[in-house]
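The next block holds one structure in the form of structure tokens; read it before the comments.
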């Protein structure tokens, strides 16, 4: 490892130290530093696994880094960005190694995790006894760090989605965060950006805090953006037209991708609800293969248990939260994205990586529900010390 890798690690440490002084991490000051170590370990493990993968996406990006790739969107943007990094460092001394690219992209994913965790800590801080442990449990699920620390799209789009979700909680005060997140999402995965724009329609229309003029202008801007960007998204996705036959053929084609690869399952005969369950919570031990499959199964079991437990106990609070435009936006984005991806993804490995885009909105909805229920019930855990510091303010 050369100075490039060392600088990448130091950059992450500087971000961690600066974040630990932010108001969002008051009461959990050590979390950013400890989590950086966890994220860095996940990055190293991900790099090691990619070496034995017969055809990893990360190696495709690295193999084309030496070429002067044109600027574009979606995959073309990542190709361009990776090649730009190559040219910058090659002009100074030497280009980054494959491992050093992982370390650089690890910083993007780590920054996204900090944005998400800081937002969640702010949410739980609204109760007299903040439930730090719930946020810590969500963030230390291995998939969050494993998939957001690799060379590729996932680290960058996770940062974009985290910024968007954070901005959605206070559009007026965090408009820059919201717009920056939306822009980054569209650049990396345009179809996800379209879903985010569609999810914003209902909250804008129902938000009583916004004037009629603002609503009309915002909805008109969204409509114009949809008309302008739709052809771009269709071209990137490979959809020739929006007629029902073409869409049906496209979905069938996507369902057939990677069925025969590792983690491939034939979802074509599943009903829509079971496809959703398969996408979110499989593998579950009985259909796991190898060490990675067992780790994914354990994580899915924890996530499934938390979803069932929180919603079963806090369903009334969850419903009440939906009157808030910011919560309605995140629910709409989660449902739209889950509906699309679960019907078109036939590989459990791809699903495990892809569903990280849904986690910021899901975590927000679950943490907000648990916090609201705790505040209403008046039953709070006694103050105690945790891994990252005292639970009190």
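Brief remarks on what is shown
- Residue among 351, 332, 312 that alone is modelled with pLDDT under 95, in a helix (DSSP H, G or I) and either surrounded by fewer than 18 Cβ atoms within 10 Å (Cβ to Cβ) or out of contact with any helix residue (DSSP H, G or I) (no Cβ under 7 Å at 6 or more places or on another chain) (or both): 312
- Filter pass, residue 344 being touching a residue at least 40 places away in the same chain (Cβ under 8 Å), surrounded by fewer than 20 Cβ atoms within 10 Å (Cβ to Cβ) and either touching a helix residue (DSSP H, G or I) at 6+ places or on another chain (Cβ under 7 Å) or closer than 25 Å to residue 296 by Cα (or both): yes
- Residues of segment 102-135 satisfying the condition of being out of contact with any helix residue (DSSP H, G or I) (no Cβ under 7 Å at 6 or more places or on another chain) and within 19 Å of residue 362 (Cα to Cα): 125, 133
- The lone exception for residue 130 - which of (1) in a helix (DSSP H, G or I); (2) more than 23 Å from residue 325 (Cβ to Cβ) it fails: (1)
- Inter-residue pairs, beta-carbon under 9 Å, first at negative phi and without any contact (Cβ under 8 Å) to a residue 24 or more places away in the chain and in segment 1-26, second part of a loop (DSSP other than H, G, I, E, B) and surrounded by 14 or more Cβ atoms within 10 Å (Cβ to Cβ), 6+ apart: 20/28; 20/29; 20/30; 21/29
- Residues located in segment 22-44, provided they are assigned to a helix (DSSP H, G or I) and modelled with pLDDT under 95: 23, 24, 25
- In segment 241-254 there is at least one residue that is modelled with pLDDT under 90, under 27 Å from residue 52 (Cα atoms) and surrounded by 16 or more Cβ atoms within 10 Å (Cβ to Cβ).
- Where residue 122 falls short, out of the listed (1) part of a helix (DSSP H, G or I); (2) modelled with pLDDT under 95; (3) closer than 27 Å to residue 49 by Cα: (3)
- The listed residue being in a helix (DSSP H, G or I), loosely packed, with under 15 Cβ neighbours inside 10 Å and either at pLDDT 95 or above or touching a strand residue (DSSP E or B) at 6+ places or on another chain (Cβ under 6 Å) (or both), out of 84, 111, 11, 16: 84
The values are calculated or read from the model by the stated rules, or taken from the named source; none is laboratory data. All values derive from a computational prediction rather than experimental measurement. Cβ: placed from backbone, ideal geometry, glycine included. Neighbour counts: every protein chain shown.
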